[in-house]
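Engineer: Okay, here's the structure, questions in a sec.
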Amino acid sequence: MQQKSEKRQLGQRRNRLRTCRTDKRTMAQRRISGGKLFITVVYLVAMCRAVPVNDLLDRASQRSDKMHSLSTLLTQEMDSHFPPYGRMQMPRPADCHTSALQTPNDKEQALQVSESDLMSLARSLLQAWVDPLAVLSTSAITLPHPSKSSISSKIQELQEHSKSLGDGLDILSGKMGPSAQAISFLPYTGGTDLGQDRVTILNKFNFLLSCLRRDSHKIDSFLKVLRCRAAKLQPELC
């Protein structure tokens, strides 16, 4: 009996040893895997920061152009089934939550603004749309509009482009100095509820889209001026 007990205890110790070794091996593998992931992320960030400014601005301009195209398509889709009397209730462009930000009104004025200030303006406008885009994305799911599925898909795509563009501009602004990294805070105070009745919901949704289209055009214009300057083109070619 004593011999059987000793064998059983020996077997239990061996099992615990095997378990311990397995756990250590698993932890080591996780550390290696986590280390590889960390190294990969650091490597990608370093690669992005090593890309010339001209190339980064080209990519940023492509993203901003896509954002403006999507916002234009969205407003056109909304307009196709927007009640005519609803337009009379639409707030003015001056009521957009980003209107407090002083920006150039056209390309000629933008050409007079410094590169760092243009970057700051573009980043401020982009940041100001994080919350409103989330509201549009949530509201699009139940939007009383026959094209709500298409509208919802485009808004999700807009969010992806906005996030990608924001990440790229963070890297670009880091190359341009503190002034370019400054962001003006433009809070969205419209809330998440667009209303209860069909006309009110469509009205507020369409108003947000019109503001987004205006601001996406500004962002795109500012980045194209920056790209033009980086390429050292003549102002008339910008």
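Engineer: Quick one: what are the phi-derived ³J(HN,Hα) couplings along the stretch 67-72, Karplus 6.51/-1.76/1.60 with θ = phi - 60°, whole Hz, x for glycine and proline?
Structural biologist: 4, 5, 4, 5, 5, 5
Engineer: Another question, then. How far, in nm, would the chain grow between residue 94 and residue 69 when pulled straight, counting 0.36 nm per residue and subtracting the alpha carbon separation? Intermediate results must be reported in sequence, preceding the final value.
Structural biologist: Values: separation 25, 0.36 × 25 = 9.00 nm, distance 2.22 nm.
Stretched fully, the residue 94-residue 69 segment lengthens by 6.8 nm.
Engineer: For residue 193 and residue 109, compute 0.36 nm times the residue count separating them, minus their Cα-Cα distance, and round to one decimal in nm.
Structural biologist: Between residue 193 and residue 109, full extension yields an extra 26.5 nm.
Engineer: Evaluated at 37 °C with a viscosity of 0.692 mPa s, what Stokes-Einstein diffusion coefficient in µm²/s does the stretch 169-220 have when Rh comes from the Kirkwood expression over alpha-carbon pairs?
Structural biologist: On the way: Rh = 13.7 Å.
Rounded to a whole number, D works out at 239 µm²/s.
Engineer: Just to confirm my numbers, what's the Cα centroid distance between the stretch 134-153 and the stretch 199-238 in Å?
Structural biologist: 22 Å
Engineer: Here is a follow-up. Give the residue from 136, 179, 147 lying farthest towards the positive end of the charge dipole for the stretch 107-182; charges sit on Cβ (+1 for Lys and Arg, -1 for Asp and Glu) and the dipole is referred to the Cα centre.
Structural biologist: Final value for the positive-end residue is 147.
Engineer: Could you give me the ³J(HN,Hα) list for the stretch 105-117, computed from phi with Karplus coefficients 6.51, -1.76, 1.60 and θ = phi - 60°, whole Hz, x at Gly and Pro?
Structural biologist: These are the phi-based 3J(HN,Hα) values: 8, 8, 5, 4, 5, 4, 5, 8, 9, 5, 4, 5, 5 Hz.
Engineer: Another question, then. Using the Karplus curve 6.51 cos²θ - 1.76 cosθ + 1.60 with θ = phi - 60°, work out ³J(HN,Hα) for each residue of the stretch 165-174 in order, rounded to whole Hz, and write x for Gly and Pro.
Structural biologist: 5, x, 5, x, 5, 4, 5, 4, 5, x
Engineer: Next question. With a cut-off of 8 Å between alpha carbons and a minimum separation of six or more residues, what is the relative contact order of the stretch 111-229 in percent? Provide the component values of the computation, followed by the final result.
Structural biologist: Values: 94 pairs, mean separation 53.7, N = 119.
Normalised by residue count, the contact order of the stretch 111-229 is 45 percent.
Engineer: Additional query: Using a simple spin-label model with points 7 Å from Cα along the Cα→Cβ vector, what separation in nm is obtained for residue 234 and residue 79?
Structural biologist: Label-label distance for residue 234 and residue 79, simple model: 3.5 nm.
Engineer: What nm value, rounded to one decimal, do you get for the distance between residue 182 and residue 163 when each label is placed 7 Å out toward the C-beta?
Structural biologist: 3.0 nm
Each value in this text was obtained by applying a stated rule to the coordinates, not by laboratory testing. Note that the structure is predicted; figures quoted are calculated from it, not measured. Neighbour counts run over all protein chains shown; Cβ positions are idealised from the backbone, glycine included.
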